[in-house]
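Remarks on the structure that follows.
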Amino acid sequence: MALDIQDPVPVKDGSSMTREEFHHSYLKPQKPVVLRGLWKKYPAYDKWTMDFFKKSMGNIEVGLFGNRKEDISKTLEVPNATMRFDEYLNLIEREPTDLRLFLFPVFKHKPELLKDFDYPEITKGYIKIPFMFFGPPKSIVRMHQDIDMSNVFLTQFHGRKRVVLFAPDQSDLLYRLPFNVHSIVDVDNPDYQTYPGLKYVKGMSTILEHGDTLFMPSGYWHHIEYLEGGFGLSVRTVANGVGMKLQGVWNLGGKRLIDRMMRSINDEKWFEYKKSVAFSRADKAISKFNSGNYENEFQGTNAATT
Ligand SMILES: O=C(O)CCC(=O)C(=O)O
């Protein structure tokens, strides 16, 4: 049985979308959308290539993360390798490896890159925190929510990426770990025996190409597969609604610290405890689903628990 993730994320012309239309149809109802060509009018659109980054900042050392799909207990806080940036770019053009450059603060290293783009009208009025992501072919960004629960605009500049999305109200059925923003399921190899909640989830998929901007509303789960070596830029804006904003602050200032502390005391035992909570929440969500109460009782409340 295949996971129910076939629904495509709608694709719209980003260059002609007005702020009003975006607010009314996507931001307010918190619906994902691919905005094709949203960043097209800026120099970065053509200028930012692999060669450009190799030449302009190839000599810096970058911290790289393994995809750690196999080790779901680990979080992505500490890089597990370093390399010269140009060597890393050569590597990801050449071959699959599991090393990704995650939340790369490229503009700290080279602030003049900020002159290569502006923020499209539809994102104006919000906080923007730009980060870049680089990854090799076949690498996987395991399923997670962004810890600050922000609205995210993820623009692809090079290579294609497959993205699977789930709304935040599916968190329990996705076996979200408490004190964490990761899920323990693998959407590419769904194990229904161990994770029966997966029979009930409903997601969406899309493939991003050069110039596509994916709008991911606050708290949306995302699983990403790099189909080719490539890179993208994410711009974050404040979370939607008071609940999501508070959740973001609590994730960053409370949960993350508790998780760190408990991991340092007994990582294995703490992980087993978190898994047991995830399983018990999923069982409850399945019962609600089977009794027909899922929509009424779970919709919109999951993100505020834990
Ligand atoms: O594109 C990537 O490599 C990861 C993007 C991501 O996870 C994010 O923007 O939260």
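The values are calculated or read from the model by the stated rules, or taken from the named source; none is laboratory data. Small disclaimer: the values here were computed from a predicted structure and weren't measured. When we count neighbours, we look across all protein chains shown, and the Cβ atoms used for this are built from the backbone with ideal geometry, even at glycine. Surface accessibility is based on the protein's heavy atoms, side chains included, excluding ligands, DNA and RNA. Shrake-Rupley method; radii C 1.70, N 1.55, O 1.52, S 1.80 Å.
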Name the residue, out of Y195, Y220, that is aromatic (F, W, Y), open to solvent by 10 Å² or more (accessible area, probe 1.4 Å) and either out of contact with any helix residue (DSSP H, G or I) (no Cβ under 8 Å at 6 or more places or on another chain) or within 13 Å of the ligand (Cβ to nearest atom) (or both). Y220
Matching entry among L89, L113, L101 (being near the ligand (Cβ under 10 Å from one of its atoms), among the aliphatic types (A, V, I, L, M) and open to solvent by less than 20 Å² (accessible area, probe 1.4 Å)): L101
Test for I140: is it open to solvent by less than 20 Å² (accessible area, probe 1.4 Å) and either more than 18 Å from the chain's Cα centre (by Cα) or at pLDDT 95 or above (or both): no
Kindly check whether there is at least one residue in the range 16-36 that is among the small types (G, A, S) and either loosely packed, with under 13 Cβ neighbours inside 10 Å or closer than 30 Å to N240 by Cα (or both). yes
Residue hits (the range 158-169; touching a strand residue (DSSP E or B) at 6+ places or on another chain (Cβ under 7 Å) and surrounded by fewer than 22 Cβ atoms within 10 Å (Cβ to Cβ)) are H158, R160, R162, V164
Scope the range 3-33; condition in a loop (DSSP other than H, G, I, E, B), in contact (Cβ under 8 Å) with a residue 60 or more places away in the chain and not β-branched (V, I, T); matching residues: L3, D4, Q6, G14, M17, Q30, K31, P32
List pairs: first in the range 44-59 and outside any helix (DSSP H, G or I), second among the hydrophobic types (A, V, I, L, M, F, W, C), Cβ under 7 Å, 6+ apart or cross-chain? W48/F157; G58/F85
Checking V181 against (1) of a type in the set (A, V, I, L, M); (2) within 27 Å of G37 (Cα to Cα); (3) within 11 Å of the ligand (Cβ to nearest atom), the condition it does not meet: (2)
Taking the range 110-130 and keeping residues part of a loop (DSSP other than H, G, I, E, B) and either aromatic (F, W, Y) or more than 21 Å from the chain's Cα centre (by Cα) (or both) leaves K110, F117, D118, Y119, K124, G125, Y126
